[in-house]
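One structure is given here, and the rest of the page talks about it.
The values are calculated or read from the model by the stated rules, or taken from the named source; none is laboratory data. Fair warning: this is a prediction, and the values are worked out from it, not measured in the lab. Because the Cβ atoms are built from the backbone with ideal geometry, glycine has one as well, and the counts that use them run over all protein chains shown. Side chains are part of the model used for accessible areas, which takes the heavy atoms of the whole protein and leaves out ligands, DNA and RNA. Shrake-Rupley method; radii C 1.70, N 1.55, O 1.52, S 1.80 Å.
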Amino acid sequence: MASSTVFMPNPHTNSHVTFSENISPTSQHSFGQVSLPKKTEISLARHSVAASYVATKTAATTTVSSRALKSSSTTTSLSHFWREVHGLNNWENLVEPLHPLLRQEIIRYGEFVTACYKAFDLDPNSKRYLNCKYGKKNMLNEVGMENSGYKVTKYIYATPDINIPIQNGAPCGRWIGYVAVSDDESVRRLGRRDIVITFRGTVTNHEWIANLMSSLTPARLDPHDPRPDVKVEAGFLSLYTSDESDSKFGLGSCREQLLSEVSRLLTKYKGEELSISIAGHSMGSSLALLLAYDIAELGLNKENSSRGKPITVFSFGGPRVGNSGFKQRCEELGVKVLRIVNVNDPITKMPGVFLNESFRVFGDRYELPWSCSCYAHVGVELVLDFFNMQNPSCVHDLGAYISLLKCPKKLQFQRNTVDLLDRARAMLISAQNFNMLPWEMLPALW
């Protein structure tokens, strides 16, 4: 039996919720796991789920809606409360404790991301190497999601604008994810038409290098209002905006592909109740947040100045993407982000392990001169806690994330305190010792 804990922050104390549960991955595959010798089993020695949320001022009707959902049973229809579950009130009263409907949705979108890994061809001898193994019509069926109620409408490719001298060949577009839309039957069950966009994590060398370009640069995604104070990590922006312009028949950028397809679907289903749900793991979480910001900044989700179609990001093990200006702008635009992170996962601490949102203000009053150069996480955080000494790479494994979320909880409180930063630093040292992370990642810690 593996001992598992649920960590729920308190303004004055840190409380752990402990339960015993046999935990095993739902599949024999590990998705999004960095390179280490494989183990036949993943034993998650201890687990905890932590939840914190950002309190916001809401109208009386909104508060009533949140309370109604909090007190509802597991049989409550998602069709009635999907807006709250997708962050209408910043998940107030839904994260602590984790509401069954929200848990169900997190797992569901996590499985859409898992499909990216299952369908990604890593066989160097295959004609589809580093692309999707299946056609759009059959992809979800082939990965075991034939009952998802969604239809894939487009595959997405990304081209990092990076050259690696020791590697032959110029970087070219690799399959990074897909766009899907819910069918008519699912619309009745979900309460709206759902456009879902999912992204896998880092796999190729070019993608690793892009991840390690730890410098902030203005996003400038809106040509009419460049907003130089809104800055994002240069490598993620490169993956999102680079294209194959040198080739006559080259791919457009990841951004161009996505905005074109999202615009097409919004036009096709104009007048319907719609949601835009974006999910990603690791590097894919960064692309998901950039896309969400881009759609909102350009106003693609708005019809005739009416209330915009809600945009929600489900981020699994994602790094920081931009600075405090980027965070503030995402909040102003109404982009909702739920970050599911493992406290032992070093990727979620980067970039900006030291220069981050915690070092912007002195004495809770004075903003420091370098605050605009500090990275900042966006959104509400749901923190898991799992680690295995025999296989440290499991801390970033999407399969482990989802397995823990699927576990039922038999709660028994016990007091404890956790120093998250010290544990993160210890994990980074462990990662270096096991060659789990490339040495080039060290500059990204800042």
(message) Taking amide H atoms as placed 1.01 Å from N in the peptide plane, list the residues 5 or more away in sequence, or in a different chain, whose amide H sits under 5 Å from that of Thr153.
(response) Val179, Ala180, Val181
(message) If you roll a 1.4 angstrom probe over the protein chains with everything in place, what fraction of the accessible area of region 101-144 belongs to carbon and sulfur, to the nearest %?
(response) 43 percent
(request) Starting from the amide H of Val343, placed 1.01 Å from N in the peptide plane, find each other amide H under 5 Å away whose residue is 5 or more places distant or on another chain. (result) Leu384, Asp385, Phe386
(request) Based on the mean of other Cβ atoms within 10 Å per residue, sort peptides 83-89, 273-279, 196-202 so the most packed one is first. (result) 196-202, 273-279, 83-89
(message) Is there a quick way to get the dipole size of region 278-335? I mean about its Cα centre, with the Cβ of Lys and Arg at +1 and of Asp and Glu at -1; what is the value in debye to the nearest 20?
(response) 80 debye
(message) With +1 on the Cβ of every Lys and Arg and -1 on the Cβ of every Asp and Glu, and nothing else charged, how large is the dipole of region 97-146 about its Cα centre, in debye rounded to the nearest 20?
(response) 140 debye
(message) Among Gly322, Leu333, Gln257, which residue has its Cα furthest toward the positive end of the charge dipole of region 229-343, with +1 on Lys/Arg Cβ and -1 on Asp/Glu Cβ?
(response) Leu333
(request) With a point put 7 Å past each Cα toward its Cβ, work out how far Asn131 is from Arg264 in nm, to one decimal. (result) 1.7 nm
